Structures are given as structure tokens and as C-alpha cells.
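K.L.:
Got a structure here, written out as C-alpha cells. Questions coming.
The values are calculated or read from the model by the stated rules, or taken from the named source; none is laboratory data. Since the model is a prediction, treat every value here as computed from it, not as a measurement. Note that we place each Cβ from the backbone using ideal geometry, even for glycine, and neighbour counts take in every protein chain shown. Side chains are part of the model used for accessible areas, which takes the heavy atoms of the whole protein and leaves out ligands, DNA and RNA. Shrake-Rupley method; radii C 1.70, N 1.55, O 1.52, S 1.80 Å.
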Amino acid sequence: MTNLPNRTLLRDRFEQAIAYATRNNSLVALLFLDLDHFKQVNDTLGHDTGDHLLQAISSRLIRCLREVDSICRQGGDEFIIVMTDLKDNDAVIQITQKILQQLNEPFDIDGTQICTSFSIGISIYPEDSTHFEGLLNKADTAMYAAKKQGRNTFQFFSDDMSIISIERMNMEHDLRHALKNGELSLNYQPQYSIKNRQLVGAEALLRWTKSNGEQVPPAKFIPVAEETGLIVPIGDWVLQEACRQNKLWHDAELKLTVNVNVSAVQFKQGNMVESVRSALAISGLEPRYLELELSETTLMMDIDPVVKVMAKLKKLGVTFAIDDFGSGYSSLSYIKRFNIDKLKIDQSFVNDLSQGRQKDKAIVEAIILMGRTLRIEVLAEGVETKDQLDQLQQLGCKIVQGYYLNHPLSATEFEQEVLAVVKSRNQKKIRLIDAQGNFK
Ligand code: C2E
Ligand code: MG
Ligand code: MG
């Protein structure tokens, strides 16, 4: 389709290139190029447009290269380039930058303007390997590093990367077994209304304790779960477990809302509506006591499918919060379009309150005022000190969560530490539940 040579031919040219490089003491570079977000083009504009785009890209790539360089299409949206007769890495950088620049200019495909970008990984003969396959592997690893760096960029292979990729592979392997081995659990961090200091809800936070006792922080394993798609079954389990637990608390007459974090990948790859519906059905929890936390990136994805899924979920009766509000795009238009119930002010702003920074205080105040006007609840996350709590109260914030009030707690700790206190304060008859789910 692209009229580019295939991999066998490229391999031949590579062998010639290294023979030449050995004689002339020069370098050969192998570039692994992966088009960013090509699936989106195919999904939204159709496969014909996708094919035409790949053809246009091939022509542009060829124009960036020299006579002595070779290129092939590795399949899908991946290309491999072999550059030969190079003096040093600077020569590679120059050509690579030209490629990125050229491919960043919009394409006119069948009357539609399409902007693309590439992630490029580079390995060098003889430094990284003396074999084609070895270089290809390393360029591939470097390409993933480039993607991680935020795409539209290039990375040379380095040994650290292979250490990182081995660690990542191990983690992926372990994570696949974590769910079935019962290594995952949920902690619950209480959320309080400031005014009457009343417990109003809890955020469910995922914990992974390996069989050897090692605790892996969510910031480490959640990105791997997202990249591998494992977040879909894991996320389903989180929904079911959080609903099950909250229903037990409801049965004990504690009407809390449980907040569950939902990843963008669950929206893209999973069947969110079915997952939520079945978690509610199995547990018997009233839908209004389940709140889904979405990140700003989820809302910035392909807008229409997300709006549709959210509308269906809203119909079920669940509510939505935007997590870490203010740390990303903070677009006002999505607040309007997505029918959001709550904004969770990002911890960084709350943290800055205690540094006495007037600008940050003004931002927090603006978010609170905006919430009030739009009738959206505002919760401040990461409250660590009394001073922060007092300031938030002064600014009109109604709900808070943070270490000053409680750290995330296991279900048992939650019952012993939090519910017991609630019980003594309210003088209400609250039955507590033990770890096995029996009423005490
Ligand atoms: P998040 O949803 O913004 O959750 C709040 C994080 O802040 C939690 O970290 C919590 O332990 C921490 N935190 C709470 N109070 C304070 C405080 O006063 N000070 C500071 N410095 N930190 C505080 P954690 O549990 O490590 O989770 C990190 C992130 O991992 C979460 O951020 C969330 O984005 C993600 N995550 C956790 N559980 C799940 C899950 O079940 N599914 C998905 N998709 N993501 C999850
Ligand atoms: Mg959250
Ligand atoms: Mg947050």
C-alpha cells in the first residue's frame, strides 16, 4: 500500500550498511517510528482515510531521508528507518528533528485536515548492538520511552531503559496474578463536611500487597495496569468491592457516599455502563451513593463517546466528580457539557494555602465561587493542617478530605476508628460490622 520495501529487504540493506560502516568507521542508526493516536484516526474517520494518511506519511518520510537511508513499514502504524554512514549522534538528531517537524505539518486527506505526531526510538550500531534484531528491540524500547515522555519526540536507547522495561515486564506479570490471588484491597479515606464535622463519604483507594508483603504504591502500578488494559478487570473489581462494602455500611444505617476512581482506559476499552450497573445490582447499593471520580484527561478524550456513556450512567443515578481539578486542562466547557456534580480541588492548591501564597488562595476561592454559582459541590483534597482547614472554611469550602482528618484506612480500621467516633458523637444507634461482614 505504501510502496515501501518490506522488512526482509530492509534487513539486507542493513547488512550492507554495517559492512560499509565497519570499513569506514562510521555509525548506523536504526529508528523505530510509531504514529501517535493512529487508532483514533481509524476509529473516527474510517480505514480508507487511515490508509490514505499512511501513504501521505510514507511520501513525506521518504523526502526527509537521504539516498543512502532505507525505510520500511513494519505493519500498522509503525515504520523502521536505517540510516547509514553517520559520523556521530548529532547527524541522527538533525534528521530525526526534520522528520518530526515535517510530520507535524497538517495533512490534507480526502478534504480533512489531520494533524499527526510520531514517537521515535533510536538505537545505534555498534554501540547498542551489532545485530539487526538486537537494534530493533532496543529502538522499540526507546520508542516506548519517547511515548512516555509525552509523544511527538525521540529518545536514544540507554541501558537504564532496559532495566526499566524488565521491571515493567515483571510488574505486568505480577499484576496479572494479583487480582486472582486476592492481593488487591481497598482503603477508604473519609470525607467530612466542614461545618458540622460530619462524615459524608469515603474515597475508595486501591492497594496492592504482594504475597511477600511488599506494598506497591498506586502511582507505580496503576499506569502499568492502564497501559496493559488490566485496569478494566481491576476497575470492575474495585467497583464491585466498593459497592459491596458501602451497602454493608448502609445496612448498618450509615448513609455514606463511596467515591470510586475511574481511569480513562476503562471508558475507552471497558463497558462502563455494564460494569457500574452490575456492581450496583450485585450489591444492592442505591445508585446515588456511588460517585465516580474522573480525571481531566478522561474528559478531554474523544468527547462524544464519553458524553454518551456519562449520560447513561447518570440515568442509572450515580454522580460524577472531577478529580485533581486545576492540575490539568481545567476547561470550563467540559464542566458545562458533562453535567458534573462535584469538583475535587487538587492537593497542590490546598498545600500552597499554608505557604501564604495569595495567588493560590485566589485560585481556590475562584473554584469555590464557581462551584457555588454553577451549583456544583466543591471538595478540597489533601488537607494536612488545621490552618488549611480553617482557611478552606473561611473561603466557603464545604467538604474536605486529607491526612489532617484521616489517612486512607482499611475497612476494618474505618469501622473501628471512624464509625465508632461518628457513633459516639451522634449518639445514634449505629451497628458496626466486623471484617467478615457480620454485625456487631
Ligand atoms: P487520587 O484519586 O487523587 O487520590 C488521592 C491520593 O492522595 C491518594 O493517594 C491519597 O492517599 C492521597 N492523600 C490523601 N490525603 C492526603 C494528604 O493530606 N496529603 C497527601 N500528600 N496525600 C494525601 P494514593 O492512594 O496513593 O492514590 C494515588 C492515585 O492513584 C489516586 O489519586 C488515583 O488517581 C489513583 N488510584 C487509586 N485507587 C485507584 C483505583 O481504584 N482506580 C484508579 N483508576 N485509580 C486509582
Ligand atoms: Mg480520586
Ligand atoms: Mg485527587
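K.L.:
What angle, in degrees between 0 and 90 and rounded to the nearest 10, separates the Cα long axis of helix 7-24 from the longest principal axis of the Cα atoms of the chain?
P.N.:
That works out to roughly 70 degrees.
K.L.:
With n ≥ 4 as the cut-off for DSSP H runs, can you work out [θ] at 222 nm for the chain, using -39500 (n - 2.57) per run divided by the number of residues, rounded to the nearest 500? Please report the intermediate quantities before stating the final value.
P.N.:
Details: 17 runs with 213 residues, N = 440.
Theoretical 222 nm ellipticity from helices: -15000 deg cm²/dmol.
K.L.:
Give me the orientation-averaged projected area of the Cα convex hull of the chain, in nm², one decimal.
P.N.:
Numbers: hull surface 100.5 nm².
Mean orientational projected area (the chain, Cα hull): 25.1 nm².
K.L.:
Run the dipole for the chain about the Cα centre, Lys and Arg Cβ at +1, Asp and Glu Cβ at -1, nothing else charged, and hand back the magnitude in debye, nearest 20. Please list the in-between numbers first.
P.N.:
Working: 50 positive and 58 negative charges, 373 e Å.
It works out to roughly 1800 debye.
K.L.:
Carbon and sulfur: what percent of the range 169-428's accessible surface (1.4 Å probe)?
P.N.:
On the way: 6190 of 12360 Å².
Carbon and sulfur: 50 percent of the exposed surface of the range 169-428.
K.L.:
For the range 212-287, which GluC sites (Glu not before Pro) are in a loop by DSSP, counting at most 12 other Cβ atoms within 10 Å?
P.N.:
Listed in order of number, the matching sites are Glu214, Glu253.
K.L.:
Let me ask something additional. Once you charge only the Cβ atoms, +1 for Lys and Arg and -1 for Asp and Glu, what is the size of the charge dipole of the range 7-157 about its Cα centre, to the nearest 20 debye? Before the final figure, lay out each step's value.
P.N.:
Values: 15 positive and 21 negative charges, 55 e Å.
Computed charge dipole of the range 7-157: roughly 260 debye.
K.L.:
Let me ask something else. In the range 169-428, with Lys and Arg counted as +1 and Asp and Glu as -1 at Cβ, which of these residues, Ser327, Tyr188, Leu392, has the Cα nearest the positive end of the dipole, that is, farthest along it?
P.N.:
Leu392
K.L.:
Among the trypsin sites (Lys or Arg not before Pro) in the range 110-186, which ones are in a DSSP loop with at most 16 other Cβ atoms within 10 Å of the Cβ? Mind listing them?
P.N.:
Arg151, Lys180
K.L.:
Specify whether the C-alpha gyration tensor of the range 169-428 places it in the rounded, prolate or oblate class, a ≥ b ≥ c being the square roots of the eigenvalues: rounded for a/c under 1.5, otherwise prolate if a/b is larger than b/c and oblate if not. Could the numbers behind the result be given before it?
P.N.:
Details: a/c = 1.40, a/b = 1.19, b/c = 1.18.
Note, shape of the range 169-428 comes out rounded.
K.L.:
In the chain, what % of DSSP beta bridges are antiparallel (nearest 5)? Walk me through the numbers on the way to the answer.
P.N.:
Working: 40 of 65 bridges.
Of all bridge pairs located within the chain, approximately 60 percent are antiparallel.
K.L.:
Among Lys147/Lys359; Lys98/Lys220; Lys195/Lys255, which pairs are too far apart, with a Cα-Cα distance over 27 Å? If you can, show how the numbers build up before the last one.
P.N.:
Details: Lys147/Lys359 34 Å; Lys98/Lys220 35 Å; Lys195/Lys255 18 Å.
Listed pairs above 27 Å: Lys147/Lys359; Lys98/Lys220.
K.L.:
So which GluC sites (Glu not before Pro) in the range 1-99 are both in a DSSP loop and have at most 12 other Cβ atoms within 10 Å of their Cβ?
P.N.:
Glu67
K.L.:
Please quote Rg/Rh for the range 249-343 to two decimal places, taking the Kirkwood radius as Rh and restricting both calculations to Cα atoms.
P.N.:
0.97
K.L.:
Please report how far the C-alpha centroid of the range 345-386 lies from that of the range 192-226, rounded to the nearest whole angstrom.
P.N.:
Centre-to-centre distance over Cα atoms comes out at 22 Å.
K.L.:
Counting Lys and Arg as +1 and Asp and Glu as -1, what is the net charge of the other residues whose Cβ lies under 11 Å from the Cβ of Glu291? Intermediate values should be presented prior to the final figure.
P.N.:
Numbers: positive: Arg288, Lys342, Lys344; negative: Glu203, Glu293, Asp323, Asp341, Glu377.
Combined, the nearby Lys, Arg, Asp and Glu give -2.
K.L.:
Towards the positive end of the charge dipole of the chain, with charges on Cβ (+1 Lys, Arg; -1 Asp, Glu), say which of Gly317, Leu136, His52 has the farthest Cα.
P.N.:
Selected residue: Gly317.
K.L.:
To the nearest 20 debye, what charge dipole does the range 75-185 have about its Cα centre, counting +1 at the Cβ of each Lys and Arg and -1 at the Cβ of each Asp and Glu?
P.N.:
On the way: 9 positive and 18 negative charges, 55 e Å.
It works out to roughly 260 debye.
K.L.:
Could you work out the equivalent-ellipsoid semi-axes for the range 7-157, taking the square root of 5 times each eigenvalue of the Cα gyration tensor, largest first, in whole Å? It would help to have the intermediate numbers written out before the result.
P.N.:
On the way: eigenvalues 151, 44, 37 Å².
Equivalent ellipsoid semi-axes, largest first: 27, 15, 14 Å.
K.L.:
What accessible area per residue, rounded to a whole number of Å², is obtained for the range 7-157 using a probe radius of 1.4 Å? Intermediate values should be presented prior to the final figure.
P.N.:
Numbers: 7350 Å² over 151 residues.
Here the residues of the range 7-157 average 49 Å² of exposed surface.
K.L.:
While we're here: With a 1.4 Å probe and all protein chains left in place, how much accessible area per residue does the range 191-291 have, in Å²?
P.N.:
Working: 4310 Å² over 101 residues.
For the range 191-291, the per-residue accessible area is 43 Å².
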